[in-house]
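**Q** Here it is, the structure in full.
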Amino acid sequence: MIEVLTSFALNTVQDKGRVGVRRFGVSTSGVMDPLALTVGNTLLGNDENAACIEVQTFPFRIRFTIDCAFAVTGADCMARLGEVSLPPWWCAQAKAGDVLQLNAPKRGARGYITFRGGLDLPLILGSRSTHLRSGFGGFEGRPLMAGDALPLCSAAAPTEGRVGFGAEPPDIAIPAPVDGKALQVRALRAGEYDLFPTAMQDLFWSTLWKIGMQSDRGGYRLAGPKLLLPEPVEMRSHGVVPGVIQVPPAGEPIVQMSDANTAGGYPKIAAVVQADLWRLGQAKPGSFVTFKGVSYREAVAAMDPVENYLARVGTTSALYRAL
Amino acid sequence: MLTDHAALAPFIATIAKDPKISSIGTLALLVEAPGEFTIEQQSRIWALADIVSSWPNVQEAVPGVTNLMLIFDQPPEALDGLSAAIVELWHNLPCRDISGKLIEIPVIYGGEAGFDLPAVAARTRLSERDVIRIHSGGEYTVCAIASSPGFGYLHGLDPRIFMPRKSVPSLNMRAGSVTIGGMQTGVAVVTSPNGWNAIGWASLPMFDPLSDNPSLMLPGDQVKFRIDRIEL
């Protein structure tokens, strides 16, 4: 068991999310930083979709009631196992009774804890992710609270392997272009891009957008100049996916994230490319972001460094585990 | 031959409009039916969804209101070729009947949960009883399930009881609220802020995450609201 000792708002159990049930109105949920989940599981030799705890409010503390290998990835939360500091993107062995604490990161927004074998929670519509708005999935369909006891998949755990090693964090392995202090993410034009006047299109690409304080797993509000259309555009309700940037009539763009509704009806100016969604998932409210327009071909090619990185982590982790 | 073509030309022109196809990031494509909303265009969307959902690399086909979003496992290599295939299919779709099931939903109209009924009556210049009579007398078609789990976008609301969405949503509107939003009606599935107007409440569960068929309503189903009780 994993016992939650300290948890503030909105820390949840997540995996990669629900696939194939959008047609029933069910959004994917799932981790905001999929690289952190994949690497956290890869280090331990888990299935890469094993459920983890996503921590976005700090400090967060758990106690292990049994011996258990685990990993901490995502933002550097200066994790401590008892009195021992852990490097970021690291796997380690906890003994029964050990307490793991994650602290507020200086950079990045979300830390991830994976466990050897994963968390033993029921699959709901094919996933263990918490669907907060509907109250199902994860642990009792809700954020974690002090006193919760999360079962571990001990029976299904992979054979024991060595721990005490780490992976190169992806923001070092795959450096992002930085525009001054702002994160730069790549984006593709979306369906209504051409309806915006050239001046508004230019404004979208040139603005240093501030991620508004009312931003969460559902979406990021972008504070900056207003992106206005010459006349209102009525869209019929249609499917949207994480990364899409919609512009409501007031002109303040919103980037949809993991918990976003399955449908939207606002004009879409652009969509963040898949390869950069994890970076955006680590952007804090109050930080700045700029968008760089890319072609479809460039957007697809942008996944290559990510996949190469994951492959490298997979190979080295397997070697270390076998030592 | 020439005369035959001339005779056919106007007909071809009306059906030959292409859908609009645009990408949403690297893994999704939106196909929008041309022209106004019609139930015929909506059923073409359902037919398109049935076929493309079995295409390789298509993870899911998600119907919206006269549109369809495709989600892919991997970024498609050739968007142009894929778009052309979708356009060609659009013009050669087999007919799909509206052959969904009929769902009857008992409603407690008015009362505590239907707190916007007086406002709807005032705005439409009808009595509250007339609003209820018109709403419960209609037959509705489920266009799409979207927005929240199991929430059906219902087509077929009588224009006499159209009611614009609120500019300030009601906080914590109860799950089960029977609502009117613009030219649409629906049953709220989760308790949450909601900009639609509540005229009643239904106890019938709309969504069960533990079921393989989690949503009571599916695209193409017919819905009738039956007066269970009126509380004025």
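Where a number appears in this text, it was derived from the coordinates with a stated rule and is not lab data. Bear in mind that the values here come from a model prediction, so they are computed numbers and not experimental data. As a convention, Cβ positions derive from the backbone with ideal geometry for all residues, glycine included, and neighbour counts pool all protein chains shown.
**Q** Pairs of lysine in chain A with Cα under 19 Å and at least 8 positions apart or on different chains: total?
**A** Lysine pairs satisfying the spacing and distance rule in chain A number 13.
**Q** Loop only by DSSP, 15 or fewer other Cβ within 10 Å of the Cβ. Give me the chymotrypsin sites (Phe, Trp or Tyr not before Pro) in region B:33-114 that pass, ordered by residue number.
**A** Numbers: sites: B:Phe37, B:Trp46, B:Phe72, B:Trp90, B:Tyr109; in loops: B:Phe37.
For chymotrypsin sites (Phe, Trp or Tyr not before Pro) across region B:33-114 that sit outside H, G, I, E and B with at most 15 neighbouring Cβ atoms in 10 Å, the list reads B:Phe37.
**Q** Here's another thing I want to ask about it. Mind putting together the pair-distance distribution for the protein assembly as shown? All Cα pairs, 20 Å bins, whole percent per bin, short to long.
**A** 20, 50, 27, 3, 0
**Q** May I ask what percent, to the nearest 5, of DSSP beta bridges between residues of region B:102-231 are antiparallel? Present the calculation step by step, with values, prior to reporting the outcome.
**A** Values: 21 of 30 bridges.
Given both bridge residues lie in region B:102-231, the antiparallel proportion sits at roughly 70 percent.
**Q** Out of every Cα-Cα pair in region A:178-298, what percent are more than 20 Å apart?
**A** Working: 2528 of 7260 pairs.
For region A:178-298, the share of Cα pairs beyond 20 Å comes to 35 percent.
**Q** Tell me, rounded to the nearest percent, the portion of alpha carbon pairs in region B:121-215 spaced more than 17 Å apart. Don't skip to the end; give the middle numbers.
**A** On the way: 2228 of 4465 pairs.
Of all Cα-Cα pairs in region B:121-215, 50 percent lie more than 17 Å apart.
**Q** Given just the C-alpha atoms of chain A, how large is their convex hull per residue in cubic angstrom? Don't skip to the end; give the middle numbers.
**A** On the way: hull volume 39.6 nm³, N = 323.
Normalising the Cα hull of chain A by residue number yields 123 Å³.
**Q** So what's the net charge close to A:Val19: Lys and Arg +1, Asp and Glu -1, counting the other residues with Cβ under 11 Å from its Cβ? Before the final figure, lay out the partial values.
**A** Values: positive: A:Lys16, A:Arg18, A:Arg22; negative: A:Asp15, B:Glu60, B:Asp73.
Residues close to A:Val19 contribute a combined charge of 0.
**Q** Could you tell me the largest-minus-smallest coordinate of the C-alpha atoms of region A:2-167 on each of the three principal axes, in descending order and whole angstroms?
**A** Reported extents, whole Å, longest axis first: 47, 33, 28.
**Q** Additional query: Starting from 0.36 nm per residue, how many nanometres of slack lie between B:Arg165 and B:Asp18 once their C-alpha separation is accounted for?
**A** Details: separation 147, 0.36 × 147 = 52.92 nm, distance 3.16 nm.
Extending this stretch completely gives an extra 49.8 nm.
**Q** Suppose every K and R has +1 on its Cβ and every D and E has -1 on its Cβ; what is the size of the dipole of region A:178-298 about the Cα centre, in Debye to the nearest 20? All intermediate terms of the calculation are to be shown ahead of the outcome.
**A** Values: 13 positive and 11 negative charges, 74 e Å.
Dipole about the Cα centre, nearest 20: 360 debye.
**Q** Using a simple charge model, +1 on the beta-carbon of Lys and Arg, -1 on the beta-carbon of Asp and Glu, nothing else, what dipole does region A:7-129 show about its Cα centre, in debye to the nearest 20? Write out the running numbers ahead of the final one.
**A** Values: 13 positive and 10 negative charges, 69 e Å.
Dipole size: approximately 320 debye.
**Q** What list of ³J(HN,Hα) couplings, whole Hz, do you get for region A:182-193 from phi and the Karplus terms 6.51, -1.76, 1.60, once you set θ to phi - 60° and write x for glycine and proline?
**A** 8, 6, 10, 10, 8, 9, 9, 4, 10, x, 9, 3
**Q** Compute the separation of the alpha-carbon centres of region B:175-214 and region B:54-113 and state it in Å as a whole number.
**A** Taking the Cα centre of region B:54-113 as reference, the centre of region B:175-214 is 21 Å away.
**Q** Let me ask another. Could you compute the net charge surrounding B:Ser22? Neighbours are other residues with a C-beta less than 15 Å from the C-beta of B:Ser22; K and R count +1, D and E count -1. The partial results should precede the final answer.
**A** On the way: positive: A:Arg189, A:Arg236, A:Lys268, B:Lys20; negative: A:Glu192, A:Asp194, B:Asp18, B:Glu32, B:Asp80.
Computed value for this residue: -1.
**Q** How much net charge surrounds B:Ala144 when only other residues with a Cβ under 10 Å from its Cβ are counted (Lys, Arg +1; Asp, Glu -1)? Please list the in-between numbers first.
**A** Working: positive: A:Arg23, A:Arg236; negative: none.
That works out to +2.
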